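All remarks here apply to the structure that follows.
The values are calculated or read from the model by the stated rules, or taken from the named source; none is laboratory data. As the structure is a prediction and not an experimental result, all values here were calculated from the model. As a convention, Cβ positions derive from the backbone with ideal geometry for all residues, glycine included, and neighbour counts pool all protein chains shown.
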């Protein structure tokens, strides 16, 4: 039975295979209790994970969220407003330039960090189980190239759209 599933997946087009894997990841993430009691939507959870992990190394700004998730400024603004309203983040004026607002996790968000880190490690272990380091490097290289190919196409489309305006 599992061999039939493997065969079916191997015969998929790349886009469908990636989409299917993404759906599996979403299902996996949705079933995990990180202690937020359903207060966060899926995208808010991803953004919170990003903020919690990135603030360990430095400051995070709304522009960083836009770039990380490849989403529009208006979408990020809506996500961050709800996260702020629900007490997960604060927007704090930057020390060097008050026009910029740093995203700072609240103690409520900080309390979720151990659950999030545990989930990330468990998911990575599950995803990479039985795959050699060499194969993982090849996979990352190929996925990176695919990402760049699509990003290039998206930039070309945006340039055409701007010319049409």
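Some observations on this one:
Every residue, every condition in (1) more than 14 Å from the chain's Cα centre (by Cα); (2) over 25 Å from residue 151 (Cβ atoms), yes or no:
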residue: 50; (1), (2): no, no
residue: 54; (1), (2): no, no
residue: 64; (1), (2): no, no
residue: 98; (1), (2): yes, yes
residue: 115; (1), (2): yes, yes
residue: 121; (1), (2): yes, yes
residue: 127; (1), (2): yes, no
residue: 132; (1), (2): yes, yes
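- From the list 26, 63, the lone residue that is at pLDDT 90 or above, closer than 30 Å to residue 91 by Cβ and loosely packed, with under 13 Cβ neighbours inside 10 Å is 63.
- Matching residues in segment 67-108 - criterion: being surrounded by fewer than 16 Cβ atoms within 10 Å (Cβ to Cβ) and under 26 Å from residue 154 (Cα atoms): 67, 68, 69, 70, 71, 72, 73, 74, 75, 77, 78
- Residue check, residue 151 exposed (fewer than 12 other Cβ atoms within 10 Å of the Cβ), out of contact with any helix residue (DSSP H, G or I) (no Cβ under 6 Å at 6 or more places or on another chain) and over 29 Å from residue 28 (Cβ atoms): no
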